[in-house]
Amino acid sequence: MRNKKLNENKGGRILRVFDFDDTLAKTDSYIYVKHKDGNESKLDPAEYAVYKSKPGDSFDFRDFNKMLNNPKVIKKNFNLLQRMLDNPNKKVTILTARSLAFPIRKFFKDEFGMDVYVVALGSNNPKDKADWIEKHIKKGYTDVAFADDSAKNIAAVDSLKSKYPNVRIKTILVREHIDEEVQKYVNKLIH
C-alpha cells in the first residue's frame, strides 16, 4: 500500500532541504556553553548535535551570527546539492539554524557561482525545522527529502511522517559523508 502511495506522488511538488553546518560545509564556528558553575566550554557543530544539556547550561551562538569562519565544503554532499540544483522541477533549500542567510548565499555565489536559496531560522530548536517543512507540505509538496547532521532535527522531521502518510518524506542523517547505501537512494531522488 505504501509503494502505491509513493507512486501516486511522483507528479507532486518536490522539495529537497539541506542543513548547512556539518552537512554541506565545515566551518571554524563553535557553540559556547556557559555552565552552572560559571565555566565556559566550546563545542563544534558535530559535538553540539549530540551534546546532552545539563541543568544550568546556557548556549551562545556568537560565531554563527557573522560571516563564515574558514568554510570548506563537504565534497560528496556539496556535489549532491549541485546535482539537485540542476533540476528545475525541484525546490532546493538550505535550511540553517544560523540567524543570517547572507553569509551562506555569498559563500556559494563567490566560491562556486551558485545561486542558492537559504532560509536562516535563527533557532536551534529542531521543531522549527520540522515546522518549516510542514508549511511546505501544506502548500502541496508531496515528495520531501531532508539531510541534516543532527539526529534531533531528523527526529523532528520524521515525526511528520505519521501526520502526512500520503507525503513521501525521506530523512538522511549525514555524518560528514553520505555512505554508499544512502548514496544509492539519493541517486534515485535526483532522477
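Data overview
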item: Positions within the stretch 9-51 being of a type in the set (Asp, Glu) and either surrounded by 14 or more Cβ atoms within 10 Å (Cβ to Cβ) or touching a residue at least 24 places away in the same chain (Cβ under 8 Å) (or both), in sequence order; result: Asp19, Asp21, Asp22, Asp28, Asp44, Glu47
item: Candidates Lys72, Lys127, Lys66, Lys54, filtered to the one that is of a type in the set (Lys, Arg), within 16 Å of the chain's Cα centre (by Cα) and open to solvent by 70 Å² or more (accessible area, probe 1.4 Å); result: Lys127
item: Tally of residues being assigned to a helix (DSSP H, G or I) and either at pLDDT below 95 or surrounded by fewer than 16 Cβ atoms within 10 Å (Cβ to Cβ) (or both) across the stretch 137-152; result: 3
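Residues are listed down the side, and each one gets a yes or a no for (1) open to solvent by 20 Å² or more (accessible area, probe 1.4 Å); (2) over 23 Å from Tyr51 (Cα atoms); (3) in a loop (DSSP other than H, G, I, E, B); (4) in contact with a Leu (Cβ under 8 Å, 6 or more places away or on another chain):
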{"position": "Arg83", "(1), (2), (3), (4)": "yes, yes, no, no"}
{"position": "Pro103", "(1), (2), (3), (4)": "no, yes, no, yes"}
{"position": "Glu111", "(1), (2), (3), (4)": "yes, yes, no, no"}
{"position": "Asp115", "(1), (2), (3), (4)": "yes, yes, yes, no"}
{"position": "Ser123", "(1), (2), (3), (4)": "yes, no, yes, no"}
{"position": "Asp131", "(1), (2), (3), (4)": "yes, no, no, no"}
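The values are calculated or read from the model by the stated rules, or taken from the named source; none is laboratory data. The structure displayed is predicted, hence computed values, not measured ones. Positions of Cβ are generated from backbone atoms using ideal geometry, with glycine treated the same way; all protein chains shown enter the neighbour counts. Surface accessibility is based on the protein's heavy atoms, side chains included, excluding ligands, DNA and RNA. Shrake-Rupley method; radii C 1.70, N 1.55, O 1.52, S 1.80 Å.
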